[in-house]
Amino acid sequence: MAISLKLNGQTHKVDAEPGTPLLWVIRDELKLTGTKFGCGVASCGACTVHLDGEPVRSCQTFIEDVEDAEITTIEGLKSTPAQAVQQAWTELDVVQCGYCQSGQIMSAVGLLSENAKPTLEEIDDYMDGNACRCATYQRIRSAIVRASEIMEA
Amino acid sequence: MSVSTSRRGFLKGAAASAAAVLVIGVAPSGVMAAANGADTTMLNPFVKIAADGTVTAIVKHFEKGQGPATGLTTLIAEELGVSMDAIEYEFAPSNPKLYNNTAFGPIQGTGGSTAMFNSFKQYRQAGAAAREVLLQAASLAWDVPVAELKLEDGVISGGGNKAPIGEFVAAASKLTAPENPRLKDPSEFKLIGNASVRRKDTPPKINGTAKYAMDIQFDNQMVVTIKRATRKGATVISFDDSAAKPVKGFIRAATLPNKAGVAVYAENTWASLQAREALEVTWDNSAAESRSSEDVYKELMAAVNTEPEYNLTKNDQAEIAGAIEKADKVVEETFYFPLLAHAPMEPLTCTIEATDDGGVILHDGCQMPTSPHAALAQILQVPMDKVQVNTMFAGGSFGRRATPTVDYQVEAALAFVMTDRRRPVKLVWSREDDITGGYYRPAFAHKVRVGLDADGNIAGWDHRVAGQSISKGTPFEAFSVHDGVDHLSVEGVTPTSYSIPGMFAGLTDIKPATTVLWWRSVGHTHTAYVMEAMMDAVATAAGRDPVEFRLAHLAGDTPDQKRLTGVLKLAAEKGNWGKGAEGRSQGVAVHKSFGSYVAEVVEISGDAENGVKIEKVTCAVDCGIPVNPDVIKAQMEGGIGYGLGHAMRDEITLENGEVVQQNFPDYEPLRIGDIGEIETHIVLSTEAPTGVGEPGTPPSAPALANAIAAKGPRVTELPMTKAGVTFA
Ligand code: FES
Ligand code: FES
């Protein structure tokens, strides 16, 4: 079926069967590979994108359900919280292998967009669904705190 | 693994003069390259400098997050005299003659935490040779003696002149690089040891532009997933793809030539996954593994309770057993370690593409280019020099991307060989494939009996190990199996760094129940746990402080004991050993692995019954000269998290030969809330640098177990949750 998607401010026409995860349309059809495949079952967060600004797991979001939404991927991030997060991630060198980091950043931006000054507990709660096999968690936590400071300044 | 310095060879400098690129490498032959008109393909360039002054480090180790893209680049930048911002990096092509790991022999590859150890001198020499040849060119151009020139921040100055290095590239490329350039004295280092040096790979990894093998998207590629047997050793009899045919994008299915599975070709990943789901395969299970984890458990327990197959200490077990029998107190524990999957965040994948000249390119987050290079040449019947390996970022590995059988690249080659080669073939593993696909940390058991005399001194230590060998039957056997003993099964027990009087150790191999593999820190994953849990149990039985007891057994003056003492004291001091916060318990462990020394103090709140919370881990590491302190800290944080997460709750189990766990929901990764804070302290050392990717892992689980034992049970079987420990 033909579907039109609003992604990173552009409209794309894609041909995909109902039930196709948004993840595979983004990666294999639109060839935007910053959004990662980690588990396919909404358990790792590597595929996190924003639907109308809210983080969702694109591996369990189906193409027929997103036609009216604004989709943002890591490539399309430009909000103030996004800039603060990327700056903090750079200052603290959060990444190791980096494969989970698009998803971590999408979630962190989601958190800071709704709560500009989260407590450590709120950070742990919100980021719980984003796994990092390299265990960069301590830096993720510190970088979110740092991004919050940058936003405040 | 030790390497004599003479093996490392001498400098070779040469030039691609036409292109005016200065190329500097190090040759194992010890022969100087002819400067002009030299065949640069015969060189192993570690640094290239273009006429516009762009400096590129050629990184021979793959980047899975452990930092060589930053580390090896730092070495060149330091000796050459450019800032970290002015130097780029590329991953080296596959060529074991040029880019071999000097710790592995004629193999290009990454592993065993050897990247910095085997590159430290090579890359510095390359940077220093480039610097000297550039200075020489400037000296000739300006008629100013070299001694009056300096090269700083990419600019050469002296005698009233000043110009960026790019201006001398053409001239320098016609000169011969010095054989023995002067390396900086550590006191002159500006970048090595500088904590403010940032990772080179951060920018692309935070904006989605970093390319991993999973990100290969050729317009005409086919995506292949493979339906594999759920039991190791089963083979395909036939398949029925009638239910797969309606899947849009499905191309075809074909049994792999080795009958290990059915390849499902499709236009895209989702179609391949869907079609695979719909495929019906009939398996021949006659040669398939049918044991369950309980069977393997019983086999291991039986093995540690009988005469060991190999006497590792070559001494008289009966005599030591007798001494333990007569001792004042006996401490005995039996340990069990389950199978573990590596589960790197990026599932396994690689792409094979044909080239116009009849060759192929493998696009891969490639850990050991030499092995798939040869495997592809053989399977695809392509000459060795027509196989190229494009090494991409790897989304983690922890050992998984380096199988002696080259498992996933061979699968891709077999899938490719069944096509007309006009379309690239991208092999994709799902997370389920990864969790169920074998190549696990082997299951191991240890049984240890320690006798203590009336004064609380060790009177005898009887230690038996049983498990499945990683190396036997693989090309790596020659490296690690000696007199039948796979060193990777016992490293950390024999040898141990502790002075233990009257120690016997024995090993029994058990036969394969599945395929096994090195898993971040290899044998040390279980040996450190056992040694450190036992040191704790024995200290407690002797009524002595666990830190003091360890120090007493590290009191000799071997370098190992001194350096272990150093990190243990540092971790104890920084971790407030013995002075934990109210209501908290502490545990300690110290271990040497891969040439590095790490001690950790874990502080927990709660207890095993009501919920343990890991509040803080204090780590001290001595890895020689710390090249990139912040990368070292990151590797300690990662290694600790990796060790703790698995020890807490992960295992792979078999039921009638089939793997039970499927994906992250039942192989639960460490999550952000699981660990409070990790604080790492680095010992200032002048020794040669050693690895950091693995050594943070071994002490972490036993330190946690020792903290739990301070107020509760001593966990001797992993994972801890299965042994009844709850986590808050
Ligand atoms: S790939 Fe979507 S949550 Fe893991
Ligand atoms: S950085 Fe490797 S999985 Fe997170």
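The values are calculated or read from the model by the stated rules, or taken from the named source; none is laboratory data. This one's a predicted model, so the numbers in the text were calculated from it and none came from an experiment. Neighbour counts run over all protein chains shown; Cβ positions are idealised from the backbone, glycine included. These area figures cover heavy atoms from the full protein model, side chains too; ligands, DNA and RNA do not enter into them. Shrake-Rupley method; radii C 1.70, N 1.55, O 1.52, S 1.80 Å.
A compact table of results
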| item | result |
| --- | --- |
| Rounded Å value of the spacing that divides the Cα centres of region B:522-540 and region B:365-389 | 41 |
| Protein-only accessible surface order, largest first, of B:385, B:622 at 1.4 Å | B:385, B:622 |
| Most positive-pole-ward Cα, B:181, B:351, B:499, against dipole of chain B from beta carbon charges | B:181 |
| Proximal lysines to residue A:117, defined as alpha-carbon separation beneath 20 angstrom and excluding residues fewer than eight positions away on the same chain | A:78 |
| Set of region B:680-708 residues, backbone N closer than 18 Å to the point 7 Å along the Cα-Cβ line of residue B:610 | B:707-708 |
| Residue B:511 accessible area, assembled protein chains, probe 1.4 Å, Å² | 120 |
| Carbon + sulfur, % of accessible area of chain B - ligands and nucleic acids excluded, 1.4 Å | 51 |
| Alpha-carbon centroids, region B:130-185 and region B:46-106: separation in whole Å | 21 |
| Spin-label pair residue B:218/residue B:582, simplified geometry with 7 Å Cα→Cβ offset, distance in nm | 6.7 |
| Within region B:615-654, backbone nitrogen closer than 15 Å to the virtual label 7 Å beyond the Cα of residue B:295 toward Cβ | B:653-654 |
| Distance from region A:1-68 to region A:70-144 (C-alpha centre basis), Å | 19 |
| Viscosity 1.567 mPa s, temperature 4 °C, Stokes-Einstein D of region B:436-535 from Kirkwood C-alpha radius, µm²/s | 90 |
| Chain pair B, A: total accessible area buried, heavy atoms, 1.4 Å probe, Å² | 4500 |
| Farthest positive-ward along region B:62-206 dipole, Cα basis, beta-carbon charges - from B:129, B:109, B:86 | B:109 |
| Label-to-label distance, nm, for residues given as residue B:188 and residue B:162 (7 Å Cα→Cβ offset) | 2.2 |
| Within 10 Å of each Cβ in B:661-674, the average number of Cβ atoms from other chains | 6 |
| Net charge contributed by nearby residues that have their C-beta within less than 11 Å of residue B:139 (K/R +1, D/E -1) | -3 |
| Dipole magnitude of the protein assembly as shown about its Cα centre (Cβ charges: Lys, Arg +1; Asp, Glu -1), debye to nearest 20 | 1660 |
| Chain B - charge dipole about Cα centre, Lys and Arg +1 at Cβ, Asp and Glu -1, debye rounded to 20 | 1080 |
| Å² per residue, accessible surface of chain B at 1.4 Å | 35 |
| Electrostatic dipole magnitude of region B:429-534 [Cβ: Lys, Arg +1; Asp, Glu -1; Cα centre; debye, to 20] | 180 |
| Listed residue pairs exceeding 18 Å between alpha carbons, taken from A:6/B:205; B:227/B:259; B:200/B:616; B:48/B:190 | A:6/B:205; B:200/B:616; B:48/B:190 |
| Label point distance in nm, residue A:114-residue B:148, each placed 7 Å from Cα along Cα→Cβ | 7.0 |
| Cross-link reach list, aspartates and glutamates versus residue B:60, counting only Cα pairs under 17 Å and skipping chain neighbours closer than eight places | B:88, B:90, B:201, B:364 |
| Over region B:126-267, relative contact order from alpha-carbon pairs under 8 Å, at least 6 apart, % | 17 |
| Given B:447/B:569; A:36/B:574; B:64/B:298, the pairs whose alpha carbons are separated by over 31 Å | A:36/B:574; B:64/B:298 |
| Nearest 10 degrees, 0 to 90: helix A:101-114 Cα axis against chain A principal axis | 80 |
| Percent of beta bridges antiparallel (DSSP, the protein assembly as shown, rounded to nearest 5) | 75 |
| Rounded to the nearest 10 Å², the accessible area of residue B:283 at probe 1.4 Å | 60 |
| Residue mean of other protein chain beta carbons inside 10 Å, A:25-32 | 3 |
| Per residue, the convex hull volume that the Cα atoms of chain B enclose (Å³) | 163 |
| At least 10 Å² of accessible area lost relative to the chain alone, listed for region B:203-217 with a 1.4 Å probe | B:205, B:206, B:207, B:208, B:211, B:212, B:214, B:215, B:217 |
| With DNA, RNA and ligands ignored, accessible area of residue B:579 (1.4 Å probe; Å², nearest 10) | 150 |
| Cross-link reach list, aspartates and glutamates versus residue B:592, counting only Cα pairs under 13 Å and skipping chain neighbours closer than eight places | B:491, B:532, B:560, B:600, B:622, B:694 |
| GluC sites (Glu not before Pro) lying in DSSP loop within region A:41-124, provided at most 11 other Cβ fall within 10 Å | A:67 |
| Å² of accessible area per residue within region A:50-128, as computed with a 1.4 Å probe and no ligands counted | 40 |
| Extreme residue, positive dipole direction of chain B, given options B:543, B:304, B:327 (C-beta unit charges) | B:304 |
| Calculated [θ] (222 nm, deg cm²/dmol) that DSSP helices of n ≥ 4 give over the protein assembly as shown, each run adding -39,500 (n - 2.57) | -8500 deg cm²/dmol |
